[in-house]
Amino acid sequence: MRLIGPILLASVLLLANCASPQPPLRRFTTSIPQRSPLTIAVIGDQQRTSEMEVWREQNTIHADLIREVVQSRPDALILLGDQVFTGSSSEDWRFFDRIMVPVLKARIPTFPIFGNHEYIGVDEVAYSNMASRFRITRSTWYSMIMDSIGFVMLNTNFDEFSRDTAVKQLRWFKTHMRQLTENPAVRCIVVCGHHPPFTNSAIVPDEHILQQYFVPLFERSPKSRLWLSGHSHAYEHFRHRTVHYVVSGGGGGPRHLLYLEKNLRRHDDLYPGPMIRPFHFLTIQRDQSELCVTMTPLSGQESPQESFMIGPLVDAER
């Protein structure tokens with residue numbers, strides 16, 4: 001059994017709740033949509049607050065946010081990790097299944113990545129809970145192409161890896177970045193990884209392994225445009241050269257404070273929001289030679305929506 005970060009979960013509670021995998025209500029479809037143009041929704045950090053986190057925000061908005069995601073009529077949905085609090089908890093996965101019923105009913109293709117909370121508990125059970133719902137996660141990192149956008153879905157839980165596994169993923173990343181760059185059908189590349197290479201969170205740090213090894217490879221490609229992450233329960237928007245780095249961790253987990261003061265913040269945030277950011281989801285649409293990225297707050301929140309264009313994209317060869 002592994003315990004992540006400073007959260008010291010009681011062994012008796014974990015063992016009682018993590019004895020065996022929780023079978024899903026129904027397996028999510030992971031068929032990659034082939035039509036164009038597409039609207040791709042993104043949401044991160046849906047885990048509910050643990051009953052042991054008595055000092056943290058207790059939220060009940062998860063189902064409301066998913067309903068609003070489905071109402072936006074996306075053609076696909078990306079989950080940025082931390083779908084649940086405890087990866088091997090049957091109760092947590094039952095909660096996830098309940099809030100995701102609208103996605104299942106609408107048969108929206110859904111593509112998740114692994115967050116650190118998917119590793120809490122008994123590893124084999126936690127992995128089975130993911131793999132039984134999402135056929136595509138039989139490998140914990142993968143790539144796909146939707147609407148001429150190459151998506152690279154990383155597993156950024158480096159603390160959980162052996163050195164050999166970490167090197168294997170880095171080599172895979174380098175190979176797939178080259179293949180997507182050389183593929184004439186791909187007009188831009190988007191990376192999705194749970195841990196952010198850049199964040200102003202007061203709770204979690206920048207992921208330096210990503211900064212050192214993955215970001216330079218990503219920025220080397222002329223097709224690289226967007227890096228999506230979660231882990232910081234907030235919305236943040238940074239830009240470095242031609243690449244936008246967006247943290248989208250507003251799916252329902254207890255929100256993080258951000259450092260906004262000049263003497264505390266690590267990076268300049270392009271979003272003019274407060275220290276606590278709204279619950280939200282993203283949509284990505286390709287509009288001819290640009291990507292349109294929109295952050296939509298949950299209804300009833302005062303924080304403004306943000307929408308920005310990324311381009312130009314590389315022309316497709318015919």
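Residues in region 199-247 that are of a type outside the set (S, T, N, Q) and within 14 Å of the chain's Cα centre (by Cα): 226, 227, 228, 230, 231, 233, 234, 235, 236, 245, 246, 247.
Within region 229-250, being in a loop (DSSP other than H, G, I, E, B) and either on the phi > 0 side of the Ramachandran plot or at pLDDT below 95 (or both) holds for 231, 241, 242.
Applying the set (1) crowded, with 18+ Cβ neighbours inside 10 Å; (2) in contact with a helix residue (DSSP H, G or I) (Cβ under 7 Å, 6 or more places away or on another chain); (3) farther than 30 Å from residue 224 by Cβ to residue 63 leaves exactly one unmet item: (1). Across region 211-228, the qualifying residues are those that are in contact with a Phe, Trp or Tyr (Cβ under 9 Å, 6 or more places away or on another chain), in a strand (DSSP E or B) and not aromatic (Phe, Trp, Tyr), and the one among them that is farthest from residue 286 (Cα to Cα) is 228. Scanning region 160-198 for residues that are in contact (Cβ under 8 Å) with a residue 60 or more places away in the chain and within 19 Å of the chain's Cα centre (by Cα) gives 160, 188, 190, 192, 193, 194, 195, 198. Per the listing 100, 153, 146, the residue uniquely closer than 24 Å to residue 288 by Cβ and buried (at least 22 other Cβ atoms within 10 Å of the Cβ) is 146.
The values are calculated or read from the model by the stated rules, or taken from the named source; none is laboratory data. These numbers were taken from a predicted model, which means no experiment stands behind them. Heads up, the Cβs are rebuilt from the backbone with ideal geometry, glycines too, and the neighbour counts pull from every protein chain shown.
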